[in-house]
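Working notes for the structure below.
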Amino acid sequence: MRVSLYRLSFPYGLHLSPHELSLDETLPLVPADTLFSALTWAWIRQGGDPHAWLEPFCQGDPPFLLTSAFPWIEGEPWFPKPLNLRPTRAWKEVPFLPEARFFRLAQGEEPGEPPTWPPRSRPPWEVAQIPRVSLDRVSLRSNLFYIARVRFREGCGLWFGVAWRAPDRPCGSGSFREAVEAALGELREAGLGGDRSVGYGRLEFAHVDDVSWPDPNPQSFGLLLSRLWPRPEELDLLRQARVWRVSEVGGYAETLQGHVRRLRVRLVVEGSVVPTGLRGGLADLTPNGFQAHKIWRYGFALLFPWEVADAA
């Protein structure tokens, strides 16, 4: 598969709540479903037709697939470790793998000694609790609260991949490749995540490279590089996975009618090793009573071939 790699940097920090109301917590990474929502909203903000963008995904024929955004550390992308790769106690402390090591393990190399995490004993990011004050408009009383902010050290950030299935398929007045680049450009100022009014989530992006990754073999296994929403007819196949874990996701959707609370959904997380027959799809999370349009959650699987036996 042909994959375009993009690097993201956040000069003013980033806040991504793992739960709806958890201001004092933040994710250091950007899940693929969150990234897809941000790109969709950016496309609409600049006047793009949401129907043209979403129709192929709704029909189960996506023109591209996304990875989640993982650590980029001093010029090298790091990948999620398989959830079942823990041959020794030391491996349990390693959440990510450098690119070359990841590829070698995928080809069957013995785990051996784990890579150093964090690299050079310097965490690629730090999370700080930033004090904020709200003021009651009636009583004028102040209320102190804290919001978590993640900042990346120099030379570090995030990366994500776009696996193209039909890059030249029309989207609006151009192609889907052009639409993705335009949406990323919009996100420079619009940002992603929470507390964007103070600059959090504003980003710089760079197209790093176009690479070729192996396609997963049919009737085999792959490592998830995105969160997966298995369709109801795929649940029996999911039970054949070598290792998988779920995360319950909720939150609010930003719409032209304001912020709308989505229905909750369970997604299979990155690092799970699942059958390559799983494709996933868009989950309909439209709440009862909201009739302006559908609210979708991206849940397509981007799988890297992983035929290695369990190393638990």
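The values are calculated or read from the model by the stated rules, or taken from the named source; none is laboratory data. Note that the structure is predicted; figures quoted are calculated from it, not measured. Methodologically, a virtual Cβ is constructed for each residue, glycine included, from the backbone with ideal geometry; neighbour enumeration extends over all protein chains shown.
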Mind listing whichever residues of the stretch 296-307 are out of contact with any Pro (no Cβ under 7 Å at 6 or more places or on another chain) and either under 13 Å from residue 269 (Cα atoms) or at pLDDT 90 or above (or both)? 296, 297, 298, 299, 301, 302, 304
Taking the stretch 220-247 only, how many residues are of a type outside the set (A, V, I, L, M, F, W, C), surrounded by fewer than 16 Cβ atoms within 10 Å (Cβ to Cβ) and farther than 22 Å from residue 97 by Cβ? 5
Could you please find all residues in the stretch 153-165 being more than 18 Å from residue 33 (Cα to Cα) and either in a strand (DSSP E or B) or in contact with a helix residue (DSSP H, G or I) (Cβ under 7 Å, 6 or more places away or on another chain) (or both)? 156, 157
Search result, residues across the stretch 193-223 that are in a loop (DSSP other than H, G, I, E, B) and either out of contact with any Ser or Thr (no Cβ under 7 Å at 6 or more places or on another chain) or without any contact (Cβ under 8 Å) to a residue 60 or more places away in the chain (or both): 193, 195, 199, 200, 201, 202, 213, 214, 215, 218, 219
If residue 43 satisfies all but one of (1) part of a helix (DSSP H, G or I); (2) buried (at least 22 other Cβ atoms within 10 Å of the Cβ); (3) under 17 Å from the mean Cα position of the chain (by Cα), what's the number of the condition it fails? (3)
Using the structure shown, decide if residue 104 is without any contact (Cβ under 8 Å) to a residue 24 or more places away in the chain, more than 17 Å from the chain's Cα centre (by Cα) and surrounded by 11 or more Cβ atoms within 10 Å (Cβ to Cβ). yes
Listed residues 120, 132, 137, 104; which is part of a helix (DSSP H, G or I) and at pLDDT below 90? 120
Among the residues in the stretch 71-82, are any under 28 Å from residue 174 (Cβ atoms) and part of a loop (DSSP other than H, G, I, E, B)? no
Residue that is surrounded by the most Cβ atoms within 10 Å (Cβ to Cβ), among those in the stretch 248-289 that are modelled with pLDDT under 95 and among the basic types (Lys, Arg): 262
Filtered residues of the stretch 252-301 (kept if closer than 18 Å to residue 229 by Cβ and among the polar types (S, T, N, Q)): 272, 276, 286
Pairing a residue in the stretch 113-127 that is more than 15 Å from residue 71 (Cα to Cα) with any residue that is of a type in the set (Gly, Ala, Ser), where Cβ atoms lie under 8 Å and the two sit 6 or more apart in sequence or on different chains, gives 113/90; 114/90
Of these, 69, 90, which one is in contact with a helix residue (DSSP H, G or I) (Cβ under 9 Å, 6 or more places away or on another chain), at negative phi and not hydroxyl-bearing (Ser, Thr, Tyr)? 69
Out of (1) touching a residue at least 60 places away in the same chain (Cβ under 8 Å); (2) within 24 Å of residue 297 (Cα to Cα), what's the single condition that is false for residue 47? (1)
Looking at (1) within 26 Å of residue 78 (Cα to Cα); (2) in contact (Cβ under 8 Å) with a residue 24 or more places away in the chain; (3) not in a helix (DSSP H, G or I), which is the one condition that is false for residue 145? (1)
